[in-house]
Amino acid sequence: MNIPPSKITSEQVTIFSEMSALASKYDAINLGQGFPDYDPPDTLIEIIKKHLADHKNQYAPMPGIVKLLEAISEKLYHSYQNHVHPESEITVTAGATQAIFTAINAFVHKGDEVIIFEPAYDCYRPSIEIAGGKAVIYTMNAPDFSINWKMVKALITSKTRMIIINTPHNPTGSVLNEFDLLCLSDAVKETDIIILSDEVYEHLIFDGKPHQSVIKYKELFSRSLCVYSFGKTFHATGWKIGYIVGPAYLMKEFRKIHQWNVFSVNSFLQYALAEHLQDKSNYEYLPDFYQQKRDYFLKILSKTAFRPLPCSGTYFQVVDFSAISNLDDYSFAREMTIKYKVAAIPLSPFYSTKTESRLIRFCFAKTQGMLDAAGEKLTRIDR
């Protein structure tokens with residue numbers, strides 16, 4: 001039997017699966033894949049139990065339960081001073097990745113071009129290829145991973161259907177500022193380009209910097225879909241629940257795809273999250289909480305030969321290991337996992353072409369005990 005051509009050009013499994021499996025095999029501390037090793041807030045767990053006991057076990061409405069949509073709308077107004085209509089401009093999704101995949105497949109057609117910024121979160125390119133589109137690459141450079149918007153504007157053609165931005169940025173920890181958003185707005189002015197804004201780390205931003213959500217900018221928001229994650233916000237990545245926000249005319253098209261690949265997301269979590277969001281302190285504490293972890297991890301790294309790059313958001317710290325090894329990042333990450341029992345993620349899989357950088361990414365969303373144990377092992381790595 002002849003197998004049809006693959007819709008995915010790469011044969012490689014996701015680097016997160018590969019490195020986590022390696023960490024498990026060699027009993028290494030996993031600072032690679034981005035998940036906390038602590039539980040969600042006890043108050044949220046108790047609310048979930050209550051709604052399970054209240055028999056919230058059947059299908060939710062396709063866009064999400066109204067109470068949760070209203071709670072999200074209130075949260076967005078509180079955070080970004082823009083009123084988003086709860087029932088026509090918000091959809092609850094089975095995690096952020098599903099939202100991203102669905103948004104791309106709702107709008108990208110065969111031959112369309114999508115501009116992405118590399119290093120880029122690894123689900124963007126496959127989703128574009130499955131939709132029949134072509135990823136057009138703008139490469140950001142260490143250590144600041146800033147963007148030259150004149151160069152981005154030069155990449156725009158008549159085939160450009162979408163631009164995907166990500167702030168705070170995974171894997172680099174960089175953030176976009178007000179100037180970046182204004183430049184993006186200028187670049188797409190008088191075009192039909194859609195912005196897909198991945199903002200899953202919206203509350204994980206440090207040093208007093210505000211998160212520059214697309215929702216703040218009405219001109220941009222009028223052509224944007226913005227993706228968020230409850231799993232990232234409430235330390236529960238395994239729940240796979242998030243939401244997407246955008247103007248009604250875009251949300252209508254998004255839901256045409258969403259209804260056939262997910263339809264609706266589990267009901268009891270939606271009821272629980274709707275109640276949990278009523279207390280704003282349940283998410284407003286997060287910048288300080290994660291900045292303390294970042295700063296603690298930086299103190300640990302100061303005792304090693306790793307050179308940390310600036311980290312303004314997310315729970316990821318990129319480091320330069322060139323003072324330690326001449327290996328490529330993939331080989332070094334494997335060696336570190338096997339020999340020194342600490343797993344990290346190399347940055348090269350986040351690029352579409354080979355890179356010579358000596359950079360790896362650690363996740364510091366861990367308990368102090370785990371960070372201390374990892375630090376003790378990292379200090380043993382020879383210079």
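The table below gives the values:
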read-out	value
Qualifying residue in region 179-187 (condition: in contact with a Leu (Cβ under 9 Å, 6 or more places away or on another chain) and at positive phi)	no
Count - residues of region 179-214 that are among the acidic types (Asp, Glu), free of Cβ contacts under 8 Å to residues at least 40 places away in the same chain and under 21 Å from ALA120 (Cβ atoms)	2
Pair list, Cβ under 7 Å, 6 or more apart: region 127-152 residue closer than 17 Å to ASP198 by Cβ, other residue small (Gly, Ala, Ser)	ILE128/ALA135; ALA135/SER352; ILE137/SER352; MET140/SER146; PHE145/SER174; VAL152/ALA187
Test result for ASP27, within 29 Å of GLN317 (Cα to Cα), of a type outside the set (Lys, Arg), touching a residue at least 40 places away in the same chain (Cβ under 8 Å) and exposed (fewer than 15 other Cβ atoms within 10 Å of the Cβ)	yes
Residues (buried (at least 17 other Cβ atoms within 10 Å of the Cβ), over 23 Å from LEU298 (Cβ atoms) and not hydroxyl-bearing (Ser, Thr, Tyr)) located in region 320-361	ARG334, PRO349
Residue match in region 255-270 (condition: farther than 27 Å from ASP39 by Cα, free of Cβ contacts under 8 Å to residues at least 12 places away in the same chain, out of contact with any strand residue (DSSP E or B) (no Cβ under 6 Å at 6 or more places or on another chain) and in a helix (DSSP H, G or I))	yes
Residue that is free of Cβ contacts under 8 Å to residues at least 24 places away in the same chain, over 18 Å from the mean Cα position of the chain (by Cα) and either assigned to a helix (DSSP H, G or I) or closer than 18 Å to TYR243 by Cβ (or both), where the choices are LEU69, LEU52	LEU69
LYS299 being among the basic types (Lys, Arg), at pLDDT 95 or above and closer than 17 Å to GLU202 by Cβ	no
Matching option when the condition is outside the structural domain of VAL200 (by TED's automatic domain parsing) and either within 22 Å of LEU250 (Cα to Cα) or surrounded by fewer than 17 Cβ atoms within 10 Å (Cβ to Cβ) (or both), among ALA71, ALA53	ALA53
Single residue of GLU129, GLU87, GLU113 found to be farther than 17 Å from ASN170 by Cβ and touching a helix residue (DSSP H, G or I) at 6+ places or on another chain (Cβ under 8 Å)	GLU87
One residue from ILE100, ILE115 being in the same structural domain as ILE241 (by TED's automatic domain parsing), surrounded by 20 or more Cβ atoms within 10 Å (Cβ to Cβ) and within 27 Å of SER264 (Cα to Cα)	ILE100
Residues that are over 20 Å from the mean Cα position of the chain (by Cα) and assigned to a loop (DSSP other than H, G, I, E, B), drawn from region 185-206	LYS189, GLU190, THR191, ASP192, ILE193
Index of the failed condition, GLU18 passing every other in (1) assigned to a loop (DSSP other than H, G, I, E, B); (2) farther than 26 Å from TYR283 by Cβ	(1)
Residue count, region 283-313 (criterion: among the β-branched types (Val, Ile, Thr) and either in contact with a strand residue (DSSP E or B) (Cβ under 9 Å, 6 or more places away or on another chain) or assigned to a loop (DSSP other than H, G, I, E, B) (or both))	1
For GLY32: the one exception among (1) out of contact with any strand residue (DSSP E or B) (no Cβ under 6 Å at 6 or more places or on another chain); (2) buried (at least 20 other Cβ atoms within 10 Å of the Cβ); (3) not assigned by TED's automatic domain parsing to the domain that holds THR233	(1)
Test: TYR217 is on the phi < 0 side of the Ramachandran plot, of a type in the set (Ser, Thr, Tyr) and without any contact (Cβ under 8 Å) to a residue 24 or more places away in the chain	no
Qualifying residues in region 90-125 (those that are outside any loop (DSSP other than H, G, I, E, B) and among the hydroxyl-bearing types (Ser, Thr, Tyr)) - the one nearest to the chain's Cα centre (by Cα)	THR97
When residues of region 223-237 are limited to those that are more than 25 Å from ASP192 (Cβ to Cβ) and touching a residue at least 60 places away in the same chain (Cβ under 8 Å), the one surrounded by the most Cβ atoms within 10 Å (Cβ to Cβ)	LYS232
Residues that are assigned to a helix (DSSP H, G or I) and over 26 Å from the mean Cα position of the chain (by Cα), drawn from region 332-346	GLU335, ILE338, LYS339
Per-region count, region 269-318, residues within 22 Å of VAL175 (Cα to Cα), buried (at least 22 other Cβ atoms within 10 Å of the Cβ) and among the aliphatic types (A, V, I, L, M)	1
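The values are calculated or read from the model by the stated rules, or taken from the named source; none is laboratory data. Just so you know, these numbers come straight off a predicted model, no measurement behind them. All Cβ positions, even for glycine, are placed from backbone atoms using ideal geometry, and neighbour counts span all protein chains on display.
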